[in-house]
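Below is one structure, written out as structure tokens; comments come after it.
Here, each number is a calculation from the coordinates, and none is a lab measurement. Fair warning: this is a prediction, and the values are worked out from it, not measured in the lab. Glycine gets a Cβ as well: all are built from the backbone with ideal geometry, and neighbour counts include every protein chain shown.
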Amino acid sequence: MGHRKKHAPRRGSLAFRPRARAKSLVPRVRYWPEIQEPRLLGFAGYKAGMTYGFIVEDNQASINYGKETFCPLTIIDSPPVWVCAVRAYESTTNGLKTLTEAWTKNLPKDIVRALKPPANVSTDQGVKKIEENLSRVKELRVIACTDPRDAGIGKKKPEVMEIPVGGSSVQEKLNYAKSILGKKVQVSEVFSEGQLVDIMSVSKGKGFQGPVKRFGVRTLQKKSRKTKRGVGCIGAWHPALVMSTVPRAGQMGFSQRIEFNKRIVKMGTEGKEITSKGGFLRYGVIRGPYLILKGSVPGPAKRLVRIRHAVRSPEKAQPPKITYLQV
């Protein structure tokens, strides 16, 4: 009888290191695409919940082309965001550095109390300083904040974030930034139906978990010594250390994740048309603009979701044909 090779694949994935809690509930965006049109490159909303629908498959490479397909859908409550300031960056040997910024005075009192903008600098002075140093400006971004009062989450404190401005030249970007400074920007001014976008969010937190749930290691036999829900050997005698590749207990979840090329199936301005009777579980009723994305989104209900123009978009997609939407 020949010797049979023991099948022992490695247990536990080494992806997504370090497995630590996210530093902030506002996701960090490390890269932004370049767009020739003068508009914001991103937006933000709140995850309301999930539903499902049937969509006619319009991808010619799919075997279901022209047929109705079942699709899980995620609904994002997307109230308008306030554009609080315009910030100019210059290029240095150490990367981008803030050159100057211009804040607006046309903000609600509750947002002013939360942001605490500089009070001694006027908007005209800030804009004039940017125009005088336009040759040094490498990138223009706006400081935007959400308005949770317009959402259905019963929250007051806004989230603050930076969003770059698209355009073919710095002057065009500045002209657009000045036109929206101190105003609300709707999600329909940034995205369109059928478009592919990238989403960033912080996943659900699951607390301190063991190696079996955290890494999927195999449970040992009931006669095993010391432990069953763990690895049999955590390392050699020499060197006397535990390597970082060994599955161990620790924090699980509550990490920032990014998903590419999520399709916007539907957009609307009246959230009541897609809100079920009684509202979404653990969220409530959507009262204003909304987005419906194909597939799932990391995080629980009420979690902030940042959306940007797709950086790996293969082509411009057309609005899909929805035959049924569960409400």
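Worth pointing out:
- If the segment from T269 to Y31 were pulled out straight at 0.36 nm per residue, it would be longer than the present Cα-Cα gap by 82.8 nm.
- Global form of the chain, assessed from the alpha-carbon gyration tensor, a/c cut-off 1.5: prolate
- For the residue pairs K155/K213; K47/K155; K156/K184; K116/K302; K5/K228; K23/K157, alpha carbon separations beyond 23 Å are given by K155/K213; K116/K302; K5/K228.
- Computed [θ] at 222 nm, helices only, for the chain once each DSSP H run of length n ≥ 4 contributes -39500 (n - 2.57): -2500 deg cm²/dmol
- For the pair S168 and F54 in one chain, pulling the backbone fully straight at 0.36 nm per residue adds 37.2 nm over the alpha carbon distance.
- Modelled FRET efficiency - R0 25 Å, R229 with Q251, Cβ distances, 0.05 increments: 0.90
- The stretch between F16 and T92 holds 24.2 nm of extra length on full extension. This uses 0.36 nm per residue minus the Cα-Cα distance.
- Inter-probe distance in nm under a simple model that places probes 7 Å from Cα toward Cβ, at K5 and Q209: 3.2 nm
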